[in-house]
Amino acid sequence: MIKKLLKRVFRPADNIQNVNGAQHIPHSLHGIDGEQISYGARRVTEGLQAAGYQAYVVGGAVRDLLLGCAPKDFDVATDATPEEVRRVFRRSRIIGRRFRLVHVMFGEEVVEVSTFRRMIEEDAAETDEHGRLLRDNAFGDQRQDAARRDFTANALFYDPATRVIHDYHRGYEDTRAKILRMIGDPATRYREDPVRMLRAVRLSAKLGMQIESGTAAPVVRLKSLLENVPQARLLDEVLKMLLSGHSVDCIQRLREMHLHHGLLPLLDVILDQPQGEKFVMLALRNTDERLAQGKPVSPAFLFAALLWHEVLADWKQFQNAGERPVPALHAAMDSVLARQKSRLAIPHRHDAVMKEIWLLQLRFEQRAGQRPFRLLEQVRFRAAYDFLLLRCASGELPDELGLWWDEFQEAHADRRAEMLQPEGADERKRRRRRSRRKPVANGASDA
Ligand code: ATP
Ligand code: MG
């Protein structure tokens with residue numbers, strides 16, 4: 001009788017069930033509806049399940065939904081092999097060599113489908129001499145797939161058909177409590193993949209989570225392992241931080257965890273320029289705000305900002321050595337970019353835009369004659385102007401200059417004519433001097 005009553009009161013659907021080592025969290029507890037899952041991800045799980053496979057929405061998307069954030073994308077995990085997934089969905093293709101994933105296309109949406117994987121047993125795993133995993137692409141089951149993920153919050157599987165979450169590592173509780181906790185022994189997991197240290201910083205900043213103390217503790221001791229990570233992967237993760245919309249918070253957390261120094265040249269550049277720090281932090285804050293407003297941000301703009309104070313320092317040096325401003329700026333840009341290339345792996349494709357933004361800075365100070373009009377017509381005017389505003393806000397230039405350009409852009413023709421400055425004495429002197437010398441041959445002749 002009492003048993004029956006208890007059963008009625010605690011209906012299984014309201015309870016966490018333990019099934020094969022996993023906690024099954026019902027919809028009545030977590031509240032994630034099928035409609036919150038993207039159309040493509042629902043179609044993928046339905047299609048795979050109809051074909052007899054297991055399929056779940058997994059990883060960041062489940063975590064984000066539990067935290068009330070909009071997921072960036074939806075990933076699906078399944079027991080079907082990539083070939084089997086391919087066979088279920090006509091519009092799909094296998095990608096990646098090391099981890100073979102399937103991309104399934106639904107109009108604009110691409111759903112990434114990964115086959116359950118397991119960590120390779122310790123003695124059979126291929127690691128480098130520091131314990132970094134070189135290969136971890138053996139297929140496994142759901143439980144093993146959960147165990148190879150990094151944080152408990154990232155190891156939740158949501159089944160859109162039953163609306164049940166499968167949780168092997170108490171990730172549901174941790175996520176609710178906003179705790180970011182490493183699965184397994186944190187030190188071992190950082191050795192396997194040191195980038196997890198940076199992921200801890202980025203995810204905790206982005207999601208307002210607390211890094212659990214045991215998860216945070218080994219970082220100080222193991223941070224030098226980041227030196228063994230390929231530059232391209234580091235840059236990738238650093239870029240994710242800078243473009244996460246929470247870059248200022250990321251930088252603060254990196255400092256707290258002593259991760260900012262000596263490891264990541266790009267971040268050294270940011271944080272070790274005493275006079276540049278204010279400028280850089282303003283640039284990052286500005287980037288965070290733009291992202292919050294759904295505005296686009298360009299990596300080139302960010303790189304241009306990160307390196308600006310190095311460019312300024314070199315520019316001054318070249319001028320002190322007797323070079324005129326325009327050629328000196330060209331020389332400074334080239335020397336800074338060349339120096340950075342050896343350390344940062346900033347992709348070359350950003351060079352042209354960075355240089356344009358820097359070069360246009362020279363022209364904002366020229367407010368006479370036709371020059372301001374020609375500047376307005378430049379393709380990169382907007383980016384260069386945003387950059388100018390940062391320079392004003394950081395105290396490098398007077399606010400008046402930014403305000404002048406703000407007004408000039410919007411003003412009617414009459415007002416613009418009034419705003420133009422007379423050709424100054426300096427300007428005339430410069431022109432006389434220039435006409436006596438050979439013309440500058442670098443395309444910035446109206447600068
Ligand atoms: P976001 O996409 O919001 O940046 P995410 O957690 O989804 O965060 P992804 O890089 O998209 O990050 O990875 C998807 C999932 O893959 C993660 O949730 C995690 O389960 C797993 N994962 C990613 N990187 C690692 C790693 N270095 N070690 C272990 N598991 C990882
Ligand atoms: Mg993701």
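For beta carbons closer than 6 Å, sequence separation of 6+ or different chains, a first residue in the range 141-159 that is closer than 12 Å to ALA55 by Cα and assigned by TED's automatic domain parsing to the domain that holds ARG117 and a second that is within 9 Å of ligand 1 (Cβ to nearest atom) and not aromatic (Phe, Trp, Tyr), the qualifying pairs are PHE157/VAL58; TYR158/VAL62.
Here the range 213-261 is the region considered, the condition is being within 30 Å of PRO296 (Cα to Cα) and of a type in the set (Val, Ile, Thr), and the residue that is farthest from the chain's Cα centre (by Cα) is VAL229. THR115 meets the conditions (1) touching a Pro at 6+ places or on another chain (Cβ under 7 Å); (2) away from ligand 1 (no atom under 16 Å from the Cβ); (3) among the β-branched types (Val, Ile, Thr) in every case but one. The failed one is (2).
Table: residues versus (1) at pLDDT 70 or above; (2) buried (at least 20 other Cβ atoms within 10 Å of the Cβ); (3) within 13 Å of ligand 1 (Cβ to nearest atom).
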| position | (1), (2), (3) |
| --- | --- |
| GLU109 | yes, no, no |
| ILE120 | yes, no, no |
| HIS130 | yes, no, no |
| ASP136 | no, no, yes |
| ASP145 | yes, yes, yes |
| PHE151 | yes, yes, yes |
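Just one of the listed residues (VAL311, VAL353, VAL336) is closer than 26 Å to LEU235 by Cα, in contact with a Leu (Cβ under 7 Å, 6 or more places away or on another chain) and surrounded by 14 or more Cβ atoms within 10 Å (Cβ to Cβ), namely VAL336. Quick check: is even one residue across the range 372-385 hydroxyl-bearing (Ser, Thr, Tyr) and either in contact with a Cys (Cβ under 6 Å, 6 or more places away or on another chain) or surrounded by fewer than 17 Cβ atoms within 10 Å (Cβ to Cβ) (or both)? Looking through the range 372-385, none of the residues is hydroxyl-bearing (Ser, Thr, Tyr) and either in contact with a Cys (Cβ under 6 Å, 6 or more places away or on another chain) or surrounded by fewer than 17 Cβ atoms within 10 Å (Cβ to Cβ) (or both). Tell me which residues, restricted to the range 67-107, are charged (D, E, K, R) and away from ligand 1 (no atom under 16 Å from the Cβ). Hits for the range 67-107 are ASP79, GLU83, GLU84, ARG86, ARG87, ARG90, ARG91, ARG93, ARG97. Checking GLY59, GLY68, GLY34 one by one, the residue that is of a type in the set (Gly, Ala, Ser) and over 25 Å from ALA177 (Cβ atoms) is GLY34 and no other. Only a single criterion out of (1) in a loop (DSSP other than H, G, I, E, B); (2) away from ligand 2 (no atom under 16 Å from the Cβ); (3) crowded, with 17+ Cβ neighbours inside 10 Å is not satisfied by HIS24, namely (1).
Might you let me know whether the range 187-202 holds any residue that is polar (S, T, N, Q), away from ligand 2 (no atom under 16 Å from the Cβ) and touching a residue at least 12 places away in the same chain (Cβ under 8 Å)? Checked against the condition, which is being polar (S, T, N, Q), away from ligand 2 (no atom under 16 Å from the Cβ) and touching a residue at least 12 places away in the same chain (Cβ under 8 Å), the range 187-202 yields at least one hit. When the range 30-54 is filtered for residues that are away from ligand 1 (no atom under 16 Å from the Cβ), of a type in the set (Gly, Ala, Ser) and on the phi < 0 side of the Ramachandran plot, the ones remaining, listed by number, are GLY34, GLY47, ALA50, ALA51. Only residues that are of a type in the set (Ser, Thr, Tyr) and either within 15 Å of ligand 2 (Cβ to nearest atom) or in a strand (DSSP E or B) (or both) were counted in the range 45-57, giving 1.
With (1) crowded, with 18+ Cβ neighbours inside 10 Å; (2) within 14 Å of ligand 1 (Cβ to nearest atom); (3) within 16 Å of ASP288 (Cα to Cα) as the list, and ASP249 as the residue in question, which single condition is left unmet? With respect to (1) crowded, with 18+ Cβ neighbours inside 10 Å; (2) within 14 Å of ligand 1 (Cβ to nearest atom); (3) within 16 Å of ASP288 (Cα to Cα), ASP249 is out only on (2).
Among the residues of the range 58-67, at least one is surrounded by fewer than 18 Cβ atoms within 10 Å (Cβ to Cβ), within 16 Å of ligand 2 (Cβ to nearest atom) and within 23 Å of ARG148 (Cβ to Cβ).
Against the test of being crowded, with 16+ Cβ neighbours inside 10 Å and away from ligand 2 (no atom under 16 Å from the Cβ), the options LEU226, LEU207 yield a single qualifying residue, LEU226.
Could you please let me know if ASP64 is of a type in the set (Asp, Glu), within 16 Å of ligand 1 (Cβ to nearest atom) and at pLDDT 95 or above? So ASP64 passes the test. Residues of the range 68-97 that are within 16 Å of ligand 2 (Cβ to nearest atom) and outside any loop (DSSP other than H, G, I, E, B): ASP75, VAL76, ALA77, ILE95.
ASP174 meets all of the listed conditions (1) in contact with a Phe, Trp or Tyr (Cβ under 6 Å, 6 or more places away or on another chain); (2) assigned to a helix (DSSP H, G or I); (3) of a type outside the set (Ser, Thr, Tyr) but one, namely (1).
Checked across the range 295-313, the condition of being in a loop (DSSP other than H, G, I, E, B) and without any contact (Cβ under 8 Å) to a residue 24 or more places away in the chain holds for at least one residue. Could you please let me know if ALA161 is outside any helix (DSSP H, G or I) and more than 12 Å from ligand 1 (Cβ to nearest atom)? Here the answer is yes, as ALA161 does meet what is asked.
The values are calculated or read from the model by the stated rules, or taken from the named source; none is laboratory data. Quick caveat, the model's predicted, so the values are computed rather than measured. As a convention, Cβ positions derive from the backbone with ideal geometry for all residues, glycine included, and neighbour counts pool all protein chains shown.
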